[in-house]
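The values are calculated or read from the model by the stated rules, or taken from the named source; none is laboratory data. Not measured: the values here are computed from a predicted model. Cβ atoms come from the backbone with ideal geometry, glycine included; neighbour counts cover every protein chain shown. Ligands, DNA and RNA are stripped out before the accessible areas are found, and what is left, the full protein with its side chains, is counted by its heavy atoms. Shrake-Rupley method; radii C 1.70, N 1.55, O 1.52, S 1.80 Å.
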Amino acid sequence: MTILVLAPHADDETLGMGGTIRRMINEGKRVVVAILTGHGEEKHPLWQADHWNEIRVECSKACFLLGVSELHFRELPAACLDNTPTWKVNNEIEKLIEEFQPEEIFIPFMFDLHRDHGEVAYGASVAARPYMDSARGVRRVLAYETLSETHLAYPYMFPSFQPNVFINISDTLDEKLKAMECYVSQLQPDNLPRSIASLKALAQLRGSHIGVKAAEGFVLLGEYQR
């Protein structure tokens, strides 16, 4: 089985589902991680090109600890996807689906506060339309939650993240936390969301839903039994 993880930014894959990635690889599944944004083809309005060099080194280290051997970086402009033509985002995701032919796709939650997350989620919903020939191998599409983004949109204005799929990561939580420690440039103190303490607390909370030590929660967006 091939699983495609679409991450708007480096660290989203670890924050959202690092334990699940490690578990799936332990089970012999092929996991492809695609980091969709970077500097972009033109001058970025916020960051120099070398800004991504450090983050991508951190990402490579983190994914190595998670057992990922297929890590791919794309160059959509980070923090600018709401101003990027929709067809460009959609096309990048379509090419990934066509190249890797995944049976499962994991995407960010569409109503995360960060607009890049919403644009990637929308692009995935377009690219993975179940009647399309290019996506006919896709059996399931799920959304993961990303601390510092998923829980910040105003609940009365946008749908909230309510997981209906829980994956036990009791045996892989430590590896997830070690992978996150690789993101030195992104880590926050323990009282903030993008921290080791918060990741552990969320895993324990999700684990309590199914009576295990630790879990990650997902929203099942579509399941197709052809």
Where a residue in region 56-72 is without any contact (Cβ under 8 Å) to a residue 24 or more places away in the chain and its partner, wherever it lies, is open to solvent by 40 Å² or more (accessible area, probe 1.4 Å) and not β-branched (Val, Ile, Thr), with Cβ under 7 Å and at least six apart: 60/71
Complete set of residues in region 200-221 that are at negative phi and either in a loop (DSSP other than H, G, I, E, B) or surrounded by fewer than 17 Cβ atoms within 10 Å (Cβ to Cβ) (or both): 201, 204, 205, 208, 209, 210, 212, 213, 214, 220
Any hit, region 131-138, residues being assigned to a helix (DSSP H, G or I), open to solvent by less than 20 Å² (accessible area, probe 1.4 Å) and not charged (D, E, K, R): yes
Unique match (being at pLDDT 95 or above, assigned to a loop (DSSP other than H, G, I, E, B) and not aromatic (Phe, Trp, Tyr)) among 159, 189: 189
Hey, residue 197 in a helix (DSSP H, G or I), within 24 Å of residue 105 (Cα to Cα) and modelled with pLDDT of 95 or more or not: no
Extreme residue, nearest to residue 183 (Cα to Cα), among residues of region 1-53 that are touching a residue at least 12 places away in the same chain (Cβ under 8 Å) and surrounded by fewer than 14 Cβ atoms within 10 Å (Cβ to Cβ): 46
